[in-house]
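Chemist: The structure is given below, and queries will be raised subsequently.
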Amino acid sequence: MAVSLVVTADTHLPKRARDLPRSLWAAIEAADLVVHAGDWVDVALLDALESRARGLLAVYGNNDHGPLRQRLPEVARAEVGGLRVAVVHETGDAKGRERRCADRFPDTDVLFFGHSHIPWDTTTATGLRLLNPGSPTDRRRQPTGTFLTAVADAGVLSEVVLHPVAR
């Protein structure tokens, strides 16, 4: 059965914005599963996502402390639409990322990560797909904030779309 995904990271609420962009909330409410790759900053967003999302797969990031670290793992794993999925906040430098992640996640089909605030989409020599949705609230050197949507079905990740958000 197809599973629609929304992937976000590095939301940094309420430090970088008071709330998530409306387009991201709309995508969250329409999706089967929300993936958050860390750096929430405030537990209020976790509470809001848990109440509004149909499903949540999430981790804490380096800026998350207290209740966020108590309630979320450093690495999350799940089978989603026939895919072995993992979520982590940090993967280290861009240089050598594919090899490091392939070594660290050998039994994973798709790895979602955050930290850099910069979108990323590559596939390792072993077939591991690496995806970073960027940040919807702190664009850093990007033209806009971003998040991802995708569909997982029968072991295939398709319809992967990077969505820009208005400033």
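The values are calculated or read from the model by the stated rules, or taken from the named source; none is laboratory data. Because the structure is a prediction, the values reported are computed rather than measured. When we count neighbours, we look across all protein chains shown, and the Cβ atoms used for this are built from the backbone with ideal geometry, even at glycine. We work out accessible area using only protein heavy atoms, side chains counted, and drop any ligands, DNA or RNA first. Shrake-Rupley method; radii C 1.70, N 1.55, O 1.52, S 1.80 Å.
Chemist: I need the strands (runs of 3 or more DSSP E) fully contained in segment 1-119, keeping only those with at least 3 residues that are open to solvent by less than 50 Å² (accessible area, probe 1.4 Å).
Modeler: 3-8, 33-36, 75-80, 83-88, 110-112
Chemist: Just checking, which of G134, G127, G81 is of a type outside the set (S, T, N, Q) and either in contact with a Cys (Cβ under 8 Å, 6 or more places away or on another chain) or closer than 20 Å to L13 by Cβ (or both)?
Modeler: Step by step, each of G134, G127, G81 is checked, and only G134 is of a type outside the set (S, T, N, Q) and either in contact with a Cys (Cβ under 8 Å, 6 or more places away or on another chain) or closer than 20 Å to L13 by Cβ (or both).
Chemist: For segment 111-167, which residues satisfy the criterion of being more than 15 Å from G38 (Cα to Cα), touching a Ser or Thr at 6+ places or on another chain (Cβ under 9 Å) and among the acidic types (D, E)?
Modeler: Hit for segment 111-167 is E159, nothing else.
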